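The block underneath contains the structure these notes are about, expressed in structure tokens.
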Amino acid sequence: GLADRLQKTMQKIRGKGKVTEADVKEMMREVRLALLYADVNLKVVKDFIKKVSERAVGQEVMKSLTPGQQVIKVVKEELTELMGGEQSKIAVSPKPPTVIMMVGLQGAGKTTTTGKLANLLRKNYNRKPLLVAADIYRPAAINQLQTLGKQLTMPVFSLGDQVSPVEIAAKAIEHAKAEHHDYVLIDTAGRLHIDENLMDELKNIKEAVKPDEIFLVVDAMTGQDAVNVATSFNDQLGITGVILTKLDGDTRGGAALSIRAVTGKPIKFVGMGEKMDALEPFHPERMASRILGMGDVLSLIEKAQANVDEEKARELEKKMRSASLTLDDFLDQLSQVRNMGPLDDLIKMLPGANKIKGLNNLKIDEKQIAHVEAIIRSMTKEEKEHPEIINASRRKRIAKGSGRTVPEVNRLLKQFEEMKKMMKQMNNMTKKGKKKGGFK
Ligand code: GDP
Ligand code: MG
């Protein structure tokens with residue numbers, strides 16, 4: 001990870017008593033790349049680097065640490081600090097019910113998170129929440145919340161889609177008082193983009209029910225956009241906290257850091273899946289590690305760049321993009337990869353590598369590469385270019401020609417398919433990084 005790389009950078013100055021400016025500068029170059037790659041806002045990165053540099057330079061190196069470890073410690077501490085410590089507390093109104101408004105763009109995960117939050121309030125705090133269906137625009141939005149309510153055996157307040165959201169919210173609170181609910185969770189409507197109508201409606205609801213919390217639900221996968229969304233909602237509505245959803249995906253997590261730094265509002269919870277129990281308190285140290293862990297991607301890319309013949313790499317990239325990777329390319333790729341070191345190690349560096357389906361089957365024994373080569377060389381040109389035509393009788397012929405078995409041929413074809421899929425994922429990831437100017 002980045003931490004290892006920083007260690008290495010610092011190894012040559014092991015034994016020095018102080019961390020010098022030049023040392024820190026070299027390390028900060030890596031930190032900067034990792035943060036940008038993790039999709040952290042550029043200004044946030046600049047401020048961060050400045051702060052860490054100031055703190056790190058001239059520091060006495062603790063006896064138990066190397067200078068490298070010392071700087072990493074500072075980086076981690078500052079990242080954690082920037083994300084605001086753990087903030088999973090939820091307001092409790094002295095005059096129940098406590099009212100929570102859920103806001104955010106369409107598809108961010110408001111309705112799902114409303115259910116999850118109610119579940120968490122009941123399970124962890126023994127509360128009795130009322131869910132309120134105030135999204136009257138999205139078709140089936142009310143239904144969606146009612147389904148979640150049934151699933152959780154929790155009541156859902158709805159007045160259909162002909163009553164205004166403001167009135168629904170106000171009536172819901174009356175209902176909650178009468179039924180002794182101590183929390184009211186209002187699921188509001190979203191739009192694809194921020195617009196005035198949406199904001200006006202939310203402001204009216206806010207005015208009518210005076211919520212104790214306004215949680216902005218943001219999709220972590222939207223990266224830098226999440227920061228803009230958070231800024232608008234905070235400026236126009238005034239939010240009290242952020243819930244970051246879809247962190248179970250391959251997101252790089254930089255949004256978490258930027259949102260907190262730019263709005264000053266804490267991230268309270270993170271969504272880790274679609275199920276009703278997939279809501280967790282936000283752990284800044286964990287997020288710091290996730291962001292720093294992105295250094296792996298950089299080292300993977302650098303490693304690849306150092307070892308792969310440039311022109312070939314470009315050609316390969318083009319092919320991957322058009323998804324026309326052939327078995328000949330695969331063979332080529334195998335020998336290139338062999339030059340980079342053990343394949344298993346390379347694969348481990350991919351973010352979310354554990355989530356890529358079939359990756360376990362991709363483990364290629366170095367000794368078997370020769371067999372793989374033999375198999376591919378026994379194929380016709382047409383077969384190499386269109387492996388889908390390789391039927392049972394062709395498999396038999398290829399096995400015979402290469403002195404291998406049919407199951408080995410099958411396995412190779414499967415591996416090739418998986419490799420193609422993985423390349424596609426890597427390719428998407430790389431494209432995204434380039435577009436954002438995250439690394440070069
Ligand atoms: P809304 O339009 O803001 O109300 O969004 P929804 O609650 O309808 O969610 C949109 C989609 O995102 C649904 O398919 C949810 O299941 C999914 N979703 C919400 N939160 C998460 C999460 O934390 N992880 C994953 N993987 N999916 C989520
Ligand atoms: Mg919804």
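The values are calculated or read from the model by the stated rules, or taken from the named source; none is laboratory data. Keep in mind it's a predicted model, so treat the numbers as computed, not measured. Ideal geometry is used to build each Cβ from the backbone, glycine not excepted, and the neighbour counts take in all protein chains shown. These accessible areas exclude ligands, DNA and RNA; they are computed on the full protein's heavy atoms, side chains included. Shrake-Rupley method; radii C 1.70, N 1.55, O 1.52, S 1.80 Å.
For (1) surrounded by 17 or more Cβ atoms within 10 Å (Cβ to Cβ); (2) modelled with pLDDT of 90 or more; (3) touching a Cys at 6+ places or on another chain (Cβ under 7 Å); (4) of a type in the set (Phe, Trp, Tyr), each residue gets a yes or a no:
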residue	(1), (2), (3), (4)
PRO342	no, no, no, no
PRO387	yes, no, no, no
ALA392	no, yes, no, no
PHE416	yes, no, no, yes
MET423	yes, no, no, no
ASN428	no, no, no, no
GLY433	yes, no, no, no
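Residues in the stretch 6-22 that are crowded, with 21+ Cβ neighbours inside 10 Å and either within 27 Å of the chain's Cα centre (by Cα) or at pLDDT 75 or above (or both): LEU6 only. List pairs: first in the stretch 170-190 and closer than 20 Å to ASP200 by Cα, second open to solvent by 40 Å² or more (accessible area, probe 1.4 Å) and within 12 Å of ligand 2 (Cβ to nearest atom), Cβ under 8 Å, 6+ apart or cross-chain? Listed pairs, sorted by first residue: ALA189/GLN106; ALA189/TYR137; ALA189/ARG138; GLY190/GLN106; GLY190/ARG138. Cβ-Cβ contacts under 9 Å between residues 6 or more apart (or on different chains), taken from a first residue in the stretch 144-165 that is among the β-branched types (Val, Ile, Thr) to a second residue that is open to solvent by 80 Å² or more (accessible area, probe 1.4 Å) and at pLDDT below 95, are absent.
Of all positions in the stretch 185-194, at least one carries a residue that is within 20 Å of ILE90 (Cα to Cα), among the polar types (S, T, N, Q) and not in a loop (DSSP other than H, G, I, E, B). Scanning the stretch 200-214 turns up no residue that is at pLDDT below 95 and open to solvent by less than 10 Å² (accessible area, probe 1.4 Å). Scanning the stretch 248-265 for residues being surrounded by fewer than 23 Cβ atoms within 10 Å (Cβ to Cβ) and either within 13 Å of ligand 1 (Cβ to nearest atom) or at pLDDT 90 or above (or both) gives a total of 4.
Considering VAL156, VAL166, the condition of being open to solvent by 30 Å² or more (accessible area, probe 1.4 Å), more than 16 Å from ligand 1 (Cβ to nearest atom) and in contact with a helix residue (DSSP H, G or I) (Cβ under 6 Å, 6 or more places away or on another chain) is satisfied by VAL166 alone. With respect to the stated conditions, ARG286 is open to solvent by 30 Å² or more (accessible area, probe 1.4 Å), over 18 Å from LEU33 (Cα atoms), modelled with pLDDT under 80 and more than 10 Å from ligand 1 (Cβ to nearest atom).
When you scan the stretch 47-61, do you find a residue that is in contact with a Lys or Arg (Cβ under 6 Å, 6 or more places away or on another chain) and modelled with pLDDT of 80 or more, even just one? Yes, the conditions are met somewhere in the stretch 47-61.
When GLY84, GLY104, GLY109, GLY115 are checked against the criterion of being closer than 15 Å to VAL270 by Cα, away from ligand 2 (no atom under 16 Å from the Cβ) and not aliphatic (A, V, I, L, M), a single residue qualifies: GLY84. The selection criterion, being outside any loop (DSSP other than H, G, I, E, B), farther than 16 Å from MET272 by Cβ and within 16 Å of ligand 1 (Cβ to nearest atom), holds for THR111. Against the list (1) over 16 Å from MET276 (Cα atoms); (2) of a type in the set (A, V, I, L, M); (3) more than 12 Å from ligand 2 (Cβ to nearest atom), the condition LEU121 fails is (1).
Contact map, the stretch 373-385: first residue outside any helix (DSSP H, G or I), second residue small (Gly, Ala, Ser), Cβ cut-off under 6 Å, separation 6 or more or different chains; pairs are SER378/GLY401; SER378/SER402.
If you check every pair at least six apart or on different chains, which have Cβ atoms under 7 Å apart with a residue in the stretch 222-237 that is at positive phi first and a residue that is part of a helix (DSSP H, G or I) second? Partner pairs satisfying both residue conditions: GLY223/GLY254; GLY223/ALA255. When ARG138 is tested against (1) buried (at least 18 other Cβ atoms within 10 Å of the Cβ); (2) closer than 22 Å to ILE205 by Cβ, just one condition goes unmet, and that condition is (1).
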